[in-house]
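The values are calculated or read from the model by the stated rules, or taken from the named source; none is laboratory data. Since the model is a prediction, treat every value here as computed from it, not as a measurement. Don't worry about glycine lacking a Cβ; one is built from the backbone with ideal geometry, like all the others, and counts go over all protein chains shown. Surface areas here come from the heavy atoms of the whole protein model, side chains and all, with no ligands, DNA or RNA. Shrake-Rupley method; radii C 1.70, N 1.55, O 1.52, S 1.80 Å.
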Amino acid sequence: MTATKRAQVASWCLFDFANSSYAAVIAAVVFQVFYINSVVGNADGRGDLWWGRAISASMLFVSLTSPLLGGIADYAGLRKRLLGAYTALCVGAVACFSLLAPGAAVAGFALIVLANIGMEGGLVFYNSFLPQIAPPERRGRVSGWGFGVGYAGSIASLLIALPLAKAGRFEAIWLMVAAFFTLFSLPAFRFLPPDERSTLPLAQAGRRGARNAWATLRELWGRPGPRTFLLAYLIYEDGVNTVVVFSSSLAATTFGFGQGELIALYLVVQVAALAGAFALAKPTDTWGPKRVVSISLLLWAAVAVAAFFVRGKPAFWAVACTAGLGLGSVQAGSRAFFTQFIPAGKEAEYFGVYSLVGKTSAIFGPLLFGQVSSALGSQRPAILSIVLFFAAGLALLSRVRGGGPNHGVGVHVPSGPE
């Protein structure tokens, strides 16, 4: 690997380090509980309902726009600039969290939607750099490195947030996340491949991008292998996203974790996820991403069942750490699996569709969890329902041909189901 490629891979991984501060502190642990319990109030499940709606609304926007923007990124040469614009939107909205006060449910809702659009929309362009910076035989491990470094970013940002949370300085936490995300994302904008010059006017590039996005959807739907994989991904990723979105609310509401305990729990889970991501990075290439994802889904199904039955904090600690082991591997493995279906030169468009499916899967799960929690007055039935997502996704994934070991350029991936 040349020095330029090493710099590109390192900066790409470091961007995951940067945005993981948002994923950990905002989406998963501190702000999630702050908004649900302090801004809205969750005595009757209303906080869960508002949080689920905010996440679903932002994911709906991203899912509807990502194929179009992926096409524009390819044909207008705007991939890197769009990544910058979405990053700025997320950072700016997070900084504005410092203005929220108890009772500001609607203002908080709007800022959550904007921040999550910036975060999740930017991932369309971030993911599309992977085939550019890593050859096929190394994409699985580079993808795993990205997730692994991301978990290190989660740990670092939570360690900074912990004393601030204990002191009740939540406004300072949101500003810290904005600064952390900005600082560690800068190398990506310096070293990742530059946008290619395009002679097309933006409007014309947009029209071509829209046409090609639709053509990409039809092309993928006409290939049984990618179609079945994306349907499986749609289902099992719904389970993963729902667990992540409500993990801290579950720990705080059902198991009585305080803010300091939540951060400590999440730190340990991130260490487990870091270990899992790096441990399975090379097997993703040597065993194949299909086997790695399948093992991870079995683990997640067992975790969801255990979370329904366990009582007490020590048992929940064990369940959460087990879930962490499978978190990075299922995400990195899925991303590496999908790269096997992408023709050269269509990375942003294909990852736009990939994001469409992944973000669509984050629309219904959070809504369902919030509704079940509010209707039944308990989060346990809601977490148990997640098993269905993992089981159905695994059944569909087993029918996808391909997903075997990467042997280098020119790998042939059959497109039909077994």
In degrees from 0 to 90, rounded to the nearest 10, what is the angle of the helix 46-76 Cα long axis to the longest principal axis of the chain? 20
In the neighborhood of Ala315, defined by Cβ-to-Cβ distances under 15 Å, what is the net charge if each Lys or Arg adds +1 and each Asp or Glu adds -1? +2
With the Cα gyration tensor of segment 181-226 giving a ≥ b ≥ c as the square roots of its eigenvalues, does the rule (a/c under 1.5 for rounded; else a/b larger than b/c for prolate; else oblate) give rounded, prolate or oblate? oblate
At a threshold of 8 angstrom on Cα-Cα distance, excluding pairs fewer than six apart, so keeping six or more, what relative contact order does the chain reach in percent? 30
May I ask you to give the percent of accessible area on the chain that is carbon plus sulfur, with a probe radius of 1.4 Å? 67
Pop out the ³J(HN,Hα) list for segment 288-297 in order, Karplus 6.51 cos²θ - 1.76 cosθ + 1.60 with θ = phi - 60°, rounded to Hz; leave Gly and Pro as x. x, x, 4, 5, 5, 5, 4, 4, 5, 5
Non-local amide H neighbours of Thr254 (under 5 Å, H modeled in plane, Pro and chain starts lacking H): which ones? none
Convert 37 °C to kelvin, take the viscosity as 0.692 mPa s, use the Kirkwood radius over C-alpha pairs of segment 270-335 as Rh, and evaluate the Stokes-Einstein diffusion coefficient in µm²/s, rounded to a whole number. 274
Cys96, Cys321, ranked by accessible area, largest first (probe 1.4 Å): Cys96, Cys321
Which whole-number percent is the relative contact order of segment 56-124 (Cα, under 8 Å, 6+ apart)? 48
Report the gain in length on full extension from Val271 to Arg399: 0.36 nm times residue separation, minus Cα-Cα distance, nm rounded to one decimal. 42.8 nm
Longest span of the chain, sites excluded, free of trypsin sites (Lys or Arg not before Pro) in DSSP loop with at most 15 other C-beta atoms within 10 Å? 1-168
Between rounded, prolate and oblate, where does segment 128-206 land on the alpha carbon gyration tensor, with a ≥ b ≥ c its root eigenvalues, rounded for a/c under 1.5, else prolate if a/b exceeds b/c? oblate
Rounded accessible area per residue of the chain, 1.4 Å, Å²: 37
Could you work out the helix-only [θ] at 222 nm for the chain, with each DSSP H run of four or more residues adding -39,500 (n - 2.57) and the total divided by the number of residues, to the nearest 500 deg cm²/dmol? -26500 deg cm²/dmol
Rounded if a/c is under 1.5, else prolate if a/b beats b/c, else oblate: with a ≥ b ≥ c from the C-alpha gyration tensor eigenvalues square-rooted, which is segment 46-130? prolate
So for the chain, if I pair up every lysine 8 or more residues apart or on another chain, how many of those pairs have alpha-carbons under 25 Å apart? 10
